[in-house]
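Enquirer: Submitted below is the structure of interest, expressed as structure tokens.
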Amino acid sequence: MDKTIYEKLYGKYDDKINVGNRISKILNFLSKFRFDRILDIGCGDGKLTVLLAKTVDAKDVYGVDISEIGLNEARKKGIRCFKVDTDIEELPFEEDSFDFVFCGEFIEHVINTDKLLKDIHKVLKPNGKLVITTPNIASWHSRVCLLLGYNPFKCSVSFEYPEAGKILHIKDSGQEHIRFFTLKSLIDLIKYHNFFIEKIFGFYEIPTNANLIVKKFVVFFDKLFSNIPSLATAIGVLCKK
């Protein structure tokens, strides 16, 4: 990928908080666990990392990201951060280092997903937990778009014009997404890399840059289908090493 485009897409960091019910659902579920040492892959500015740490009562909190801007903000929050390009660099941690790894809305940005999962497996302790979340290319609205001949919202054909071929021009158009997952493909890949699935999640999202009528319509059905993970806008799995 062209360096200029790469830095434009990934040299920033994103606020991971306002994304429908994904975070609240994950945090509510994790509240039953206690983990001493945790890692957030794609930690950004660390806002979510801090919430994860508080929820599981973690003592040692680590994060990796490719954005130096985000990492500088995360360090101010007390997170031990490292700049890592997971496609070509190893996670800078010893084997069996972490009780819990969070990889939220990250795997879809990765070329070498096999390397990512192997590295996570390596740094997780035996019986350590992993949560992965990602957009679902087989969501209810993606199926409708494809049926009508349009590109799904999270699947773009251009960095400069991500709205090309889409039924609505929505701000979050997925131009930086490289890999596309259905629930079945995510589960198959996780199992292939020797993780055991313990919980499956479906999430809804709140669209940005859409008028009020469209937003209400989409959110209504998004909430409805979030109870059926295979049709949900975003999906997640809790798994164990």
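Enquirer: Within region 81-110, work out how many residues are of a type in the set (D, E, K, R) and part of a helix (DSSP H, G or I). Outline the logic, then answer.
Expert: Start the filter on region 81-110 by keeping residues that are of a type in the set (D, E, K, R), which leaves 83, 85, 87, 89-90, 94-96, 99, 105, 108.
Of the ones still in play, those that are also part of a helix (DSSP H, G or I) are 108.
Total meeting the criteria: 1.
Enquirer: Next question, about the same structure. Helices (runs of 4 or more DSSP H) wholly in region 15-80 with at least 2 residues that are touching a residue at least 60 places away in the same chain (Cβ under 8 Å) and under 24 Å from Ser226 (Cβ atoms) - which ones?
Expert: Values: elements: 22-30, 47-56, 68-76.
Where helices (runs of 4 or more DSSP H) fall fully within region 15-80 and carry at least 2 residues being touching a residue at least 60 places away in the same chain (Cβ under 8 Å) and under 24 Å from Ser226 (Cβ atoms), they are 22-30.
Enquirer: Criterion first (among the hydrophobic types (A, V, I, L, M, F, W, C), within 17 Å of Ile132 (Cα to Cα) and under 16 Å from the mean Cα position of the chain (by Cα)) does Ile66 satisfy it?
Expert: Values: among the hydrophobic types (A, V, I, L, M, F, W, C): yes; within 17 Å of Ile132 (Cα to Cα): no; under 16 Å from the mean Cα position of the chain (by Cα): yes.
Against the criterion (among the hydrophobic types (A, V, I, L, M, F, W, C), within 17 Å of Ile132 (Cα to Cα) and under 16 Å from the mean Cα position of the chain (by Cα)), Ile66 does not qualify.
Enquirer: Which residues, taken from region 53-80, are under 23 Å from Ile178 (Cβ atoms) and not hydroxyl-bearing (Ser, Thr, Tyr)? Step through it out loud before you land on a result.
Expert: Residues of region 53-80 under 23 Å from Ile178 (Cβ atoms): 63-71.
Listed by number, the residues that qualify are Gly63, Val64, Asp65, Ile66, Glu68, Ile69, Gly70, Leu71.
Enquirer: Those residues that are outside any loop (DSSP other than H, G, I, E, B), crowded, with 18+ Cβ neighbours inside 10 Å, in contact (Cβ under 8 Å) with a residue 40 or more places away in the chain and among the polar types (S, T, N, Q), I need them from region 126-179; list them, please.
Expert: Selection gives Thr133, Thr134, Asn136.
Enquirer: State all residues of region 60-109 that are more than 24 Å from Lys241 (Cβ to Cβ) and surrounded by 15 or more Cβ atoms within 10 Å (Cβ to Cβ); if no residue qualifies, say none.
Expert: Filtering region 60-109 down to residues more than 24 Å from Lys241 (Cβ to Cβ) leaves 66-78, 83.
Those that are more than 24 Å from Lys241 (Cβ to Cβ) and surrounded by 15 or more Cβ atoms within 10 Å (Cβ to Cβ): Ile66, Ser67, Gly70, Leu71, Glu73, Ala74, Lys77.
Enquirer: To continue, here is another question. Filter region 193-220 down to residues that are modelled with pLDDT under 95, of a type in the set (A, V, I, L, M, F, W, C) and either over 16 Å from Lys154 (Cβ atoms) or not in a helix (DSSP H, G or I) (or both), then give me how many there are. Can you show your working first?
Expert: Pass one, region 193-220, residues modelled with pLDDT under 95: 203-220.
Checking the rest, the ones that are also of a type in the set (A, V, I, L, M, F, W, C) come to 203, 206, 210, 212-214, 217-220.
In the following step, the residues that additionally are either over 16 Å from Lys154 (Cβ atoms) or not in a helix (DSSP H, G or I) (or both) were identified as 203, 206, 210, 212-214, 217, 219-220.
The number of residues fulfilling the criteria is 9.
The values are calculated or read from the model by the stated rules, or taken from the named source; none is laboratory data. Predicted model only: the values in this text are computed from it and were never measured. So basically every Cβ, Gly included, is an ideal-geometry build from the backbone, and we count neighbours across all protein chains shown.
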